[in-house]
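The values are calculated or read from the model by the stated rules, or taken from the named source; none is laboratory data. Model, not experiment: these values are computed from the prediction. For neighbour counting, all protein chains shown are included, and Cβ atoms are generated from backbone atoms with ideal geometry for every residue, glycine included. Note: areas computed on protein heavy atoms with side chains; ligands, DNA, RNA excluded. Shrake-Rupley method; radii C 1.70, N 1.55, O 1.52, S 1.80 Å.
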Amino acid sequence: MNSCSDTGKFLLFLCTGFLLSLLIFSCADSEPSVSDVRACVVFDFSDFENPPRQSFAVSIRTKADVRRAARLSVTLGDLAWTVTPPEIFENSAGQMVCFTNFIPPEGVSLKKGFLSVEYCDLSGRTAQGFANLDFPEEITSSTAENSVKLLQAQNSKPLQNLALYDGEGQLLYFGKMKDSWIDDTEILREFRSAVKKRTVYQSMNPNVFILLPEQKL
């Protein structure tokens, strides 16, 4: 299992502002409507020398039965994506339709701007929503170290979290560094099966994640 891609997907779920939970559906086949659209950008660095992999996630909250979700289309400037079918989830905040891995074409960098989102159900009925994709554009061509400085320049106090993985690439821990973790030895005392770690910076305004390269423990 590729821990980089697994971490990226896990963080993309977090950046939507919803928590994954058991699916609980309504039986109503109501007219689709979009009450909320959220988007976040993820910069995934595989090393400390090269620019990151760029992607973004979009989630919409709808009052319609999400089991009937058929298509999610997103437009950003002259770029367009269509997902058939999208991912569907629900929690206490409401039902959600989303896709967590919108990637620009090869050789094209993401640009901040206005996102137009169209939701379509199995009956062909559509609803639209909008969101603003905001991030420091310089990060798209930046190194890992400089990307953190660019994010801090726009948001002085981004959150810093740590991800820990076992040898199979399974996520063991994601959260703040504990005060007792003064070095890797202390981390391994608590997570003996951990073999890799990854530092993650998160900014909520704009909604951006920076995934620094994996490091061995």
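Across region 163-198, what is the number of residues that are among the polar types (S, T, N, Q) and open to solvent by less than 30 Å² (accessible area, probe 1.4 Å)?
The total comes to 0.
Based on what the data block shows, is S203 open to solvent by 60 Å² or more (accessible area, probe 1.4 Å) and of a type in the set (S, T, N, Q)?
Judged against the criteria, S203 is not a match.
When you go through V97, V117 one by one, which is the residue that is among the β-branched types (V, I, T) and out of contact with any helix residue (DSSP H, G or I) (no Cβ under 9 Å at 6 or more places or on another chain)? Explain how you work it out, then say what you get.
Numbers: V97 fails: out of contact with any helix residue (DSSP H, G or I) (no Cβ under 9 Å at 6 or more places or on another chain).
The unique qualifying residue is V117.
When the residues of region 70-117 are narrowed to those that are aromatic (F, W, Y) and at pLDDT 90 or above, which ends up surrounded by the fewest Cβ atoms within 10 Å (Cβ to Cβ)?
F114
Kindly provide the set of residues from region 122-139 that are touching a helix residue (DSSP H, G or I) at 6+ places or on another chain (Cβ under 7 Å), buried (at least 21 other Cβ atoms within 10 Å of the Cβ) and either at pLDDT 95 or above or part of a strand (DSSP E or B) (or both), ordered by number.
I139
Criterion first (more than 18 Å from C120 (Cα to Cα) and at pLDDT 80 or above) does D36 satisfy it?
For D36, the condition - more than 18 Å from C120 (Cα to Cα) and at pLDDT 80 or above - is not met.
Within region 47-67, count every residue that is part of a loop (DSSP other than H, G, I, E, B), open to solvent by less than 10 Å² (accessible area, probe 1.4 Å) and within 30 Å of Q215 (Cβ to Cβ).
Residues meeting the conditions: 0.
Please list, ordered by residue number, the strands (runs of 3 or more DSSP E) wholly in region 140-217 having 2 or more residues that are under 26 Å from K112 (Cβ atoms) and out of contact with any Cys (no Cβ under 8 Å at 6 or more places or on another chain).
Once the strands (runs of 3 or more DSSP E) in region 140-217 are filtered for at least 2 residues that are under 26 Å from K112 (Cβ atoms) and out of contact with any Cys (no Cβ under 8 Å at 6 or more places or on another chain), what remains is 159-166, 194-204.
How do the pairs read when you match residues in region 141-160 that are without any contact (Cβ under 8 Å) to a residue 24 or more places away in the chain and surrounded by 12 or more Cβ atoms within 10 Å (Cβ to Cβ) with residues anywhere that are among the acidic types (D, E) and not in a strand (DSSP E or B), using Cβ under 8 Å and keeping only pairs 6 or more apart or on different chains?
Final answer for the pair search is L150/E138.
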